[in-house]
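Engineer: Before I ask anything, here is the structure I am working with.
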Amino acid sequence: MGWQIAIDGPAGAGKSSVAKSIAKKLNLIYIDTGAMYRAAALKAINLGINLSNEDEYKFLYDTSIRFNEEGHVLLDGEDVSSLIRTVEVSNAASYASTFGLVRTRLVSEQQKIASDNNVIMDGRDIGTVVLKNANLKIFLTASLDERTRRRMKEREEKNQEVFSFEDTKKEIEARDYQDSHRAISPLTKADDAVEIDTSNLSIEDVINKIMSLVSERGYSMENLEQNLEQKQEELEKEEETKEVSETLAEETPVEEAPVEETAAEEPAEEAAEEAPVEDEEAPAEDAPSKAKYHELQVVIGTVVKIIPAKPETKRGDKVFPAKEEKALIELEDGTQGYLSVKDEAELAEGEELFDKYIEGDEVEVAIKRIFPDGGKMVFSTALVAKKHKLEALEDFVNSRPVIKVKVVKNVDVGLLTKYEEFSCLIPKKPKSLLSLTDEEIEGLIGKEIEVVPVRIDYSRIRIICNQTAAVQQKAKAEKKDFLASLAEGQVYEGTVKNIEKYGAFVDIGFGVEGLLHVSEIDHNRVFKVEKVLNVGDTVKVQIIKLEKDHIGLSRKSLIPNFFGDFVNANEVGKVVSGKVVDIRDAGLTVELAENVNGFLPKSEYSWDNDANINEEVKLDDTVEAKIIEIDVNKKRIILSKKQLTENPWEKLTVKVNDIVDVTVLKALDNGFKVQLGEVTGYLPKASIRSRAADSIQAGEVLKTKVRIFDAAKGRLVVNMNEAEERVERENYSKYMKAQDKISNTLGDYLKEKK
Ligand code: DC
């Protein structure tokens, strides 16, 4: 804990003027806590929240309230010092300060500042809440009238609207009431506070009084200086420990340094490419004298003296650690810092700073570290050397190569990486510069990724990189290579990207798309692409056409085409054989090849219309047949077995009325099946008169007359009666010729025959 002075009191008691003056005298940081409540209230008004709803003050968790070098209040970085002095804000601040959420948030900020610095703080609850252990607590009061006068004077000086004495008095009275009657941390004097009524005292009187209280508490400027120096040592030590662990983690202090960039700093043409990089860590605004510098800034300083190394010493119970040799360097404005051996770029073996620098030397140093509480800065010439090395990389960076960088750390502002000895940052805003998620980054710490350097950030001695661009460039190059490798006949597993009436666009890799025309989807005709393919489907395709901007794909070329292949190899008229796989009344199904069947209709089985295929053929029998029809659209093959032999009907030269000898094959219900030559015919029983039909046996040869002969239909019907009558008639005419008697009748002939 540093040296702390708490000043509380009602509005207009003179707290801020006194506190500012003491801060200067004792080199303390002055914190106007009232201004913090005012800034919070201003933001609440600007956001239009319901001021009486405590919950709506949650915006404060995302709000930055700080002080700059001149003690001006910065609300989210904007100087609002005069905006917070209006009556509206005063009233809103007094109101807002009654809420626990607001107080907790601001008190914690105030305590944080006090923990790192020597401070003088004024407000309402400093001695009672914020700095309960302050070295000195003052409670300043003044009469209401006096405070009213002071407030009016203050407004006049600040060119603000001045109200009447009565109105101002009422305003102050109301605030006094609210500040001291609120439930949480009301304005009260701490038990151990010294009360000073300033009504009749000048500001100098009050200051002197407080200064004497300060020295009474045993605190002198000397102590303060001693205290500061000790703090500096502690910070430096802390810094060293940090560096060691950073080195172990292969990080550099540069990467750890607060990043401070604003949109205005970015060159305009790169603004689109690179977002304004926000503060990774707040700049040390509470270090007034150093606020104009930032870490890693390169400045010119003058060597004041070389402080030799000192061994560890003891003074009383205090141990002062050993100190290494360092150069005290002063900047133009008097700000000082140390350059130690480890931060010096070019010391030869055994050489000391003492050998290299003499008082008055001008030296270019980079600010390696700024201590917010006023400790001396840490300078580095090694960082300057690094900056110069970066300058030599300018052309390289401008050529936008893809480089490999090592991932070091994921921070709010971006991804910290290293390229050789240089720190690189891939900013997170805009998002397009970094396309990795936090989870992905986690797995990449310590590993290399590819990036494209965008520019050198000399103010931070680092390279700004774009990782997305590297991914894109890589993808582009891969796509180019892939395109160059394509050839007709190649087969790819693609993804359907888009479906049109005429086909589907398929990504075959690296974003290269080809067209799978509807006619190339399947061997069967496809009427609607969506019936076979949908967006997102994986589909195996073959390149069948490769033109400049067109890649023609086929899916069907990769699907076996059994029917097509068979048809290509076998035409109508060809004799084929296959296995019988189905037998029905209508005919036989014959398997001709894998997945290809032919149909052999019953009518094509045999020239014999009465042939019974069920009796003649069994499943799995092999049959030989001739292809008599191929219907490609219906995928139908018709076979004929009977056409393997010559049509016996066509061989037969008989005519209707011819007398022919037929052989009886078998008896049927109303007649006989007979054979004539190679064909079969029918002899009805009704046409047999000369003998009993029952007496006719298979194998008998009968003389018959042809009644019907239709070779095309394969029909033959014969008649026995008519054949016999004809034979009789012919015999009679032969007899008559022999008798040479004209008078003889047919009766005479028959008598004689008997
Ligand atoms: O000191 P001031 O008038 O600038 O303070 C503005 C308001 O903030 C005041 O009405 C009370 C409140 N305040 C507080 O509650 N606690 C503090 N430590 C400081 C101010």
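Engineer: How many residues are outside any loop (DSSP other than H, G, I, E, B) and more than 11 Å from the ligand (Cβ to nearest atom) if we restrict to the range 141-155?
Structural biologist: Number satisfying all stated conditions: 10.
Engineer: Taking the range 40-58 as the search range and keeping residues that are assigned to a helix (DSSP H, G or I) and either within 23 Å of Asn117 (Cα to Cα) or among the aliphatic types (A, V, I, L, M) (or both), which one is farthest from the ligand (Cβ to nearest atom)?
Structural biologist: Leu47
Engineer: Taking the criterion of being within 11 Å of the ligand (Cβ to nearest atom), farther than 30 Å from Asn200 by Cα and out of contact with any Cys (no Cβ under 9 Å at 6 or more places or on another chain), would at least one residue in the range 121-139 satisfy it?
Structural biologist: Looking through the range 121-139, none of the residues is within 11 Å of the ligand (Cβ to nearest atom), farther than 30 Å from Asn200 by Cα and out of contact with any Cys (no Cβ under 9 Å at 6 or more places or on another chain).
Engineer: Take the range 175-185 and flag every residue that is surrounded by fewer than 15 Cβ atoms within 10 Å (Cβ to Cβ) and either closer than 22 Å to Arg85 by Cα or away from the ligand (no atom under 13 Å from the Cβ) (or both).
Structural biologist: Once the filter is applied, which keeps residues that are surrounded by fewer than 15 Cβ atoms within 10 Å (Cβ to Cβ) and either closer than 22 Å to Arg85 by Cα or away from the ligand (no atom under 13 Å from the Cβ) (or both), the range 175-185 yields Tyr177, Ser180.
Engineer: Hey, another quick one. Given (1) more than 10 Å from the ligand (Cβ to nearest atom); (2) part of a helix (DSSP H, G or I); (3) among the charged types (D, E, K, R), identify the lone condition not met by Arg103.
Structural biologist: Unmet for Arg103, out of (1) more than 10 Å from the ligand (Cβ to nearest atom); (2) part of a helix (DSSP H, G or I); (3) among the charged types (D, E, K, R): (1).
Engineer: Right, something else. Mind counting the residues in the range 658-679 that are of a type in the set (Phe, Trp, Tyr) and under 21 Å from Thr645 (Cβ atoms)?
Structural biologist: Here the count works out to 0.
Engineer: Then there is this: Among Ile120, Ile138, Ile196, Ile172, which is surrounded by 14 or more Cβ atoms within 10 Å (Cβ to Cβ), part of a helix (DSSP H, G or I) and not charged (D, E, K, R)?
Structural biologist: Sole residue among the options that is surrounded by 14 or more Cβ atoms within 10 Å (Cβ to Cβ), part of a helix (DSSP H, G or I) and not charged (D, E, K, R): Ile172.
Engineer: Those residues that are crowded, with 20+ Cβ neighbours inside 10 Å and away from the ligand (no atom under 12 Å from the Cβ), I need them from the range 66-92; list them, please.
Structural biologist: Phe67, Leu75, Val80
Engineer: Sort out which residues of the range 528-580 are at positive phi and within 31 Å of the chain's Cα centre (by Cα), and write them in order of number.
Structural biologist: Gly536
Engineer: Please state which one of Gly578, Gly552 is crowded, with 19+ Cβ neighbours inside 10 Å, of a type outside the set (A, V, I, L, M) and part of a strand (DSSP E or B).
Structural biologist: Going through Gly578, Gly552 in turn, the sole match is Gly578.
Engineer: Give, as residue ranges, the strands (runs of 3 or more DSSP E) completely inside the range 267-386 that count at least 1 residues that are modelled with pLDDT of 90 or more and on the phi < 0 side of the Ramachandran plot.
Structural biologist: Filter on the range 267-386 gives 298-307, 326-331, 336-340, 362-369, 377-380.
Engineer: Condition test on Phe505, is it touching a Gly at 6+ places or on another chain (Cβ under 8 Å) and free of Cβ contacts under 8 Å to residues at least 40 places away in the same chain?
Structural biologist: yes
Engineer: Quick one: which strands (runs of 3 or more DSSP E) sit completely within the range 604-692 and have at least 1 residues that are under 60 Å from the mean Cα position of the chain (by Cα)?
Structural biologist: Qualifying strands (runs of 3 or more DSSP E): 622-631, 636-640.
Engineer: I've got another one for you. Working carefully through the options Gly443, Gly489, Gly494, find the one that is surrounded by 14 or more Cβ atoms within 10 Å (Cβ to Cβ) and small (Gly, Ala, Ser).
Structural biologist: The match here is Gly494.
Engineer: Given the residues Tyr37, Tyr61, Tyr95, which is the only one that is away from the ligand (no atom under 13 Å from the Cβ), under 20 Å from Ser185 (Cβ atoms) and of a type outside the set (D, E, K, R)?
Structural biologist: Of the residues listed, the single one that is away from the ligand (no atom under 13 Å from the Cβ), under 20 Å from Ser185 (Cβ atoms) and of a type outside the set (D, E, K, R) is Tyr61.
Engineer: OK, next. Going by what's in this entry, would Lys158 be described as under 27 Å from Leu83 (Cα atoms), away from the ligand (no atom under 12 Å from the Cβ), in contact (Cβ under 8 Å) with a residue 12 or more places away in the chain and exposed (fewer than 13 other Cβ atoms within 10 Å of the Cβ)?
Structural biologist: Criteria met by Lys158.
Engineer: While we're looking at this one, here's another question. State all residues of the range 533-563 that are over 26 Å from Phe482 (Cβ atoms) and hydrophobic (A, V, I, L, M, F, W, C); if no residue qualifies, say none.
Structural biologist: Once the filter is applied, which keeps residues that are over 26 Å from Phe482 (Cβ atoms) and hydrophobic (A, V, I, L, M, F, W, C), the range 533-563 yields Phe562, Phe563.
Engineer: Continuing with the same structure: Can you pull out every residue in the range 525-549 that is surrounded by 13 or more Cβ atoms within 10 Å (Cβ to Cβ) and either among the aliphatic types (A, V, I, L, M) or in a loop (DSSP other than H, G, I, E, B) (or both)?
Structural biologist: Val526, Val529, Val532, Leu533, Asp537, Val539, Val541, Ile543, Ile544, Leu546
Engineer: I'd like the full set of residues that are hydroxyl-bearing (Ser, Thr, Tyr) and assigned to a strand (DSSP E or B), limited to the range 482-524.
Structural biologist: Tyr492, Thr495, listed by residue number.
Engineer: Could you check how many residues of the range 441-455 are on the phi > 0 side of the Ramachandran plot and in contact with a helix residue (DSSP H, G or I) (Cβ under 7 Å, 6 or more places away or on another chain)?
Structural biologist: 0
Engineer: Here is a check on your reading of the model: is Leu390 under 19 Å from Pro308 (Cβ atoms) and surrounded by 15 or more Cβ atoms within 10 Å (Cβ to Cβ)?
Structural biologist: no
Engineer: Further question on the same structure: Out of curiosity, is Ile31 within 14 Å of the ligand (Cβ to nearest atom) and more than 17 Å from Arg175 (Cα to Cα)?
Structural biologist: yes
Engineer: Out of the residues in the range 581-625 meeting the condition of being touching a residue at least 60 places away in the same chain (Cβ under 8 Å) and not acidic (Asp, Glu), tell me which one is surrounded by the most Cβ atoms within 10 Å (Cβ to Cβ).
Structural biologist: The extreme case among them is Trp607.
Engineer: Any residue in the range 4-26 that's on the phi < 0 side of the Ramachandran plot and near the ligand (Cβ under 9 Å from one of its atoms): show its pairings with residues that are aromatic (Phe, Trp, Tyr) and modelled with pLDDT of 90 or more at Cβ separation under 6 Å, as long as the two are six or more apart or on different chains.
Structural biologist: Asp8/Phe139
The values are calculated or read from the model by the stated rules, or taken from the named source; none is laboratory data. For clarity, every value in this text was computed on a predicted model and none was experimentally measured. As a convention, Cβ positions derive from the backbone with ideal geometry for all residues, glycine included, and neighbour counts pool all protein chains shown.
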